[in-house]
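The values are calculated or read from the model by the stated rules, or taken from the named source; none is laboratory data. Everything numeric in this text was worked out from a predicted model, so none of it was measured. Cβ placement follows ideal geometry from the backbone for every residue including glycine, while neighbour counts extend to all protein chains displayed.
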Amino acid sequence: MKPNRVLQFIALGLGFAFLYIPILSLIVYSFNESQLVTVWTRFSTRWYQALLTDDELITAAWLSLRIALLTAFASVVIGTWAGFVLARMGRFRGFTLFSGMISAPLVIPEVIQGISLLLLFVEMGKLIGWPAGRGVFTIWIGHVMLCISYVAIIVQSRVRELNPSLEEAALDLGATPFKVFFQITLPLISQALAAGWLLSFTLSIDDLVLSAFLSGPGSTTLPLVVFSRVRLGLNPEMNALATLFIAVVTVGVIAGNHFMQRAERKRMAMAV
């Protein structure tokens, strides 16, 4: 084996070790009975049982899940529309402003976005009395604002790759633009929509900065609860919680790849 090839394998191995050894150690220590995170005593599922009786964590987890689901669906709907405008409408008047507004959340720090939205909601509350306070709705607006940009970029790139002759042929055969969009265009970009939905869901359920600015009493999300507890010291219960998330994400990724590959094989078979 050539020396360069050996160095490449070593560098690759070190990179993977740097990424995954901390995750593996977290999983292992989640089954540790000791309250000391880094001191192993014996195998136990004590901290998983503690999660089941932790009302604060369970409430925060359900709230984060509900917000993430709402954010993902709203972001896909609005982001798909924005992506189509960017890909199909050409350079209309105001295109630069529209494109900049769509891309702005990608480059503006979340701290700035959180402060801006907080000031906006406070001033709106003073002027028109809405929103009356910060809570689930304000967090949802902030997350949708952040996730729309990601969905729009994904959909825009996929729409630009489409062969317009398929849609044109359907229109020539008498199909309405509405029917063409739902029966031809949407199936062709379904993988992009699924990717945008999953990315929006992940960004929302993981967000800490925007949630910290836009949350109020009774609307504490899971990242806020975890962050507040970790600030007081490492907690084995957080290891168990993180392990559960890793397991769910792993199963979701494997299942998603399986269904996407099966759909791609069917599409290729139909094309042949």
### Filter result for residue 213 (more than 14 Å from the chain's Cα centre (by Cα), surrounded by fewer than 18 Cβ atoms within 10 Å (Cβ to Cβ) and either assigned to a helix (DSSP H, G or I) or among the basic types (Lys, Arg) (or both))
no
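So for region 121-131 (the condition being of a type in the set (A, V, I, L, M) and in contact (Cβ under 8 Å) with a residue 40 or more places away in the chain), does at least one residue qualify? Steps first, answer last, please.
Going through region 121-131, the residues of a type in the set (A, V, I, L, M) turn out to be 122, 124, 127-128.
Cutting the leftovers down to in contact (Cβ under 8 Å) with a residue 40 or more places away in the chain gives us none.
Taking every residue of region 121-131 in turn, none turns out to be of a type in the set (A, V, I, L, M) and in contact (Cβ under 8 Å) with a residue 40 or more places away in the chain.
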#### Entry: Check on residue 233, among the small types (Gly, Ala, Ser), in a loop (DSSP other than H, G, I, E, B) and either exposed (fewer than 11 other Cβ atoms within 10 Å of the Cβ) or within 17 Å of the chain's Cα centre (by Cα) (or both)
yes
### Flag if residue 214 is in contact with a Gly (Cβ under 8 Å, 6 or more places away or on another chain) and not basic (Lys, Arg)
yes
### Query
Within the bounds of region 104-112, is there any residue that is out of contact with any Ser or Thr (no Cβ under 9 Å at 6 or more places or on another chain), over 30 Å from residue 160 (Cα atoms) and part of a helix (DSSP H, G or I)?
yes
### Message
Looking at region 238-259, I want the residues that are hydrophobic (A, V, I, L, M, F, W, C) and have a partner that is surrounded by 15 or more Cβ atoms within 10 Å (Cβ to Cβ) and part of a helix (DSSP H, G or I) with Cβ atoms under 6 Å, at least 6 apart or on another chain. Which pairs are those?
### Response
240/47; 240/48; 240/51; 242/26
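For region 52-69, what are the residues that are assigned to a helix (DSSP H, G or I) and surrounded by fewer than 18 Cβ atoms within 10 Å (Cβ to Cβ)? Write out each step before concluding.
Going residue by residue through region 52-69, those that are assigned to a helix (DSSP H, G or I) are 52, 55-69.
Those that are assigned to a helix (DSSP H, G or I) and surrounded by fewer than 18 Cβ atoms within 10 Å (Cβ to Cβ): 52, 55, 56, 58, 59, 62, 65, 66, 69.
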### Query
Which condition breaks for residue 15 when tested against (1) more than 30 Å from residue 165 (Cβ to Cβ); (2) among the small types (Gly, Ala, Ser); (3) more than 28 Å from the chain's Cα centre (by Cα); (4) exposed (fewer than 14 other Cβ atoms within 10 Å of the Cβ)?
(3)
### Task
Go through the residues of region 143-153 one by one and say whether even a single one is of a type in the set (Val, Ile, Thr) and more than 30 Å from residue 119 (Cα to Cα).
no
#### Entry: Any helices (runs of 4 or more DSSP H) falling wholly within region 126-181 and containing at least 3 residues that are crowded, with 20+ Cβ neighbours inside 10 Å
136-161
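Yes/no matrix, rows are residues, columns are (1) over 25 Å from the mean Cα position of the chain (by Cα); (2) modelled with pLDDT under 90; (3) among the aliphatic types (A, V, I, L, M); (4) within 19 Å of residue 226 (Cα to Cα):
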residue: 1; (1), (2), (3), (4): yes, yes, yes, no
residue: 7; (1), (2), (3), (4): yes, yes, yes, no
residue: 24; (1), (2), (3), (4): no, no, yes, no
residue: 34; (1), (2), (3), (4): yes, yes, no, no
residue: 39; (1), (2), (3), (4): yes, yes, yes, no
residue: 44; (1), (2), (3), (4): yes, no, no, no
residue: 47; (1), (2), (3), (4): yes, no, no, yes
residue: 63; (1), (2), (3), (4): no, no, yes, yes
### Message
Against the condition farther than 30 Å from residue 118 by Cα, out of contact with any strand residue (DSSP E or B) (no Cβ under 6 Å at 6 or more places or on another chain) and assigned to a loop (DSSP other than H, G, I, E, B), how does residue 186 come out, does it pass?
### Response
no
